[in-house]
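Structure first, then comments.
The values are calculated or read from the model by the stated rules, or taken from the named source; none is laboratory data. Here the structure is a predicted model, which is why all the values come from computation and not from measurement. Positions of Cβ are backbone-derived with ideal geometry, glycine not excepted, and every protein chain shown enters the neighbour counts.
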Amino acid sequence: MTRPRLLDLGCHKGGATRGYQQAGFHVTGVDIGPQPGYPGDRFFRADMLTFPLGGFDAIHASPPCQHHANVTRWRGSQAAHPDVLTPMLARLAGTGVPWVVENVPEALPTWDLILCGTNFGLPVRRHRGFRFGNWAGYDLIPPCQCYRNPRVLPFMHKGERAYADAMGCTWMTKEDARQAIPPAYTEHVGAMLLEHLAVRS
């Protein structure tokens, strides 16, 4: 059976990629830097804002979050990081295929879905927003528990090796995992996206 083709822009070490693969997609990753050990089906070193978008059934984009992240603002260095999210959203708006954009919650005033590690029983606080285009996702997952009951899980520090493993990013270094999202997030989103593609076809 042929797997639907998904383009993962800004794939880094493949946290989102792995989740989409687990959902059932053939994933092509694109990143501006080399990514040894990338787990996707194909990889291209290129700029996410100029890489051709044709030939894919769906597109995922993870623009760098530093320009929008609260921690960057607290350090007073947001201006040192370009805003890639805004031009990426404009670029995807012109496509005719379903797309997903992921970033830190503070990057946009509203999101279609916000996920946390505790949604999936992971002992990590890692909130990420998801914006959907050309399709409507839905949320059938229990709400985040990390602030309602902070003692539910033994949360770990992001600098620990165990943090990367707890996210499900076992093939990454702990430094790489700090730029990733748990594959469980995009496995969940990918399952919804596959349902949409099946209905559309």
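Of everything in segment 130-157 that's over 16 Å from residue 193 (Cβ atoms) and in contact with a helix residue (DSSP H, G or I) (Cβ under 6 Å, 6 or more places away or on another chain), which residue is modelled with the lowest pLDDT?
156
Restricting the first residue to segment 124-137 and requiring it to be of a type outside the set (Asp, Glu), which pairs with a second residue that is part of a strand (DSSP E or B) and surrounded by fewer than 17 Cβ atoms within 10 Å (Cβ to Cβ) meet a Cβ separation below 9 Å and a spacing of at least six or different chains?
What qualifies is 127/114; 128/114; 129/114; 130/114.
For segment 65-110, which positions are charged (D, E, K, R) and either modelled with pLDDT of 95 or more or surrounded by 18 or more Cβ atoms within 10 Å (Cβ to Cβ) (or both)?
Of everything in segment 65-110, those that are charged (D, E, K, R) and either modelled with pLDDT of 95 or more or surrounded by 18 or more Cβ atoms within 10 Å (Cβ to Cβ) (or both) turn out to be 91, 102.
Taking residue 169 and the conditions (1) among the hydrophobic types (A, V, I, L, M, F, W, C); (2) modelled with pLDDT of 90 or more; (3) surrounded by 16 or more Cβ atoms within 10 Å (Cβ to Cβ); (4) assigned to a helix (DSSP H, G or I), which numbered condition does it fall short on, given that it satisfies the others?
(4)
Residue check, residue 50 against (1) within 24 Å of residue 167 (Cα to Cα); (2) modelled with pLDDT of 95 or more; (3) hydroxyl-bearing (Ser, Thr, Tyr), all met but one. Which one?
So the condition that residue 50 fails would be (1).
Taking residue 44 as meeting all but one of (1) among the hydrophobic types (A, V, I, L, M, F, W, C); (2) surrounded by fewer than 22 Cβ atoms within 10 Å (Cβ to Cβ); (3) closer than 20 Å to residue 90 by Cα, write down the number of the exception.
Among (1) among the hydrophobic types (A, V, I, L, M, F, W, C); (2) surrounded by fewer than 22 Cβ atoms within 10 Å (Cβ to Cβ); (3) closer than 20 Å to residue 90 by Cα, the lone unmet condition for residue 44 is (3).
Among (1) at pLDDT below 95; (2) crowded, with 16+ Cβ neighbours inside 10 Å, there is one condition residue 1 misses while meeting the rest; what is its number?
(2)
Residues of segment 102-148 being over 16 Å from residue 189 (Cβ atoms), assigned to a loop (DSSP other than H, G, I, E, B) and of a type in the set (D, E, K, R), which ones?
125, 148
Consider residue 184 carefully, then state whether it is modelled with pLDDT of 85 or more, outside any helix (DSSP H, G or I) and surrounded by 17 or more Cβ atoms within 10 Å (Cβ to Cβ).
Working: modelled with pLDDT of 85 or more: yes; outside any helix (DSSP H, G or I): no; surrounded by 17 or more Cβ atoms within 10 Å (Cβ to Cβ): yes.
Here the answer is no, as residue 184 does not meet what is asked.
Considering only residues of segment 111-135 that are small (Gly, Ala, Ser) and over 27 Å from residue 200 (Cβ atoms), which is surrounded by the fewest Cβ atoms within 10 Å (Cβ to Cβ)?
Filtering first and then ranking leaves 121.
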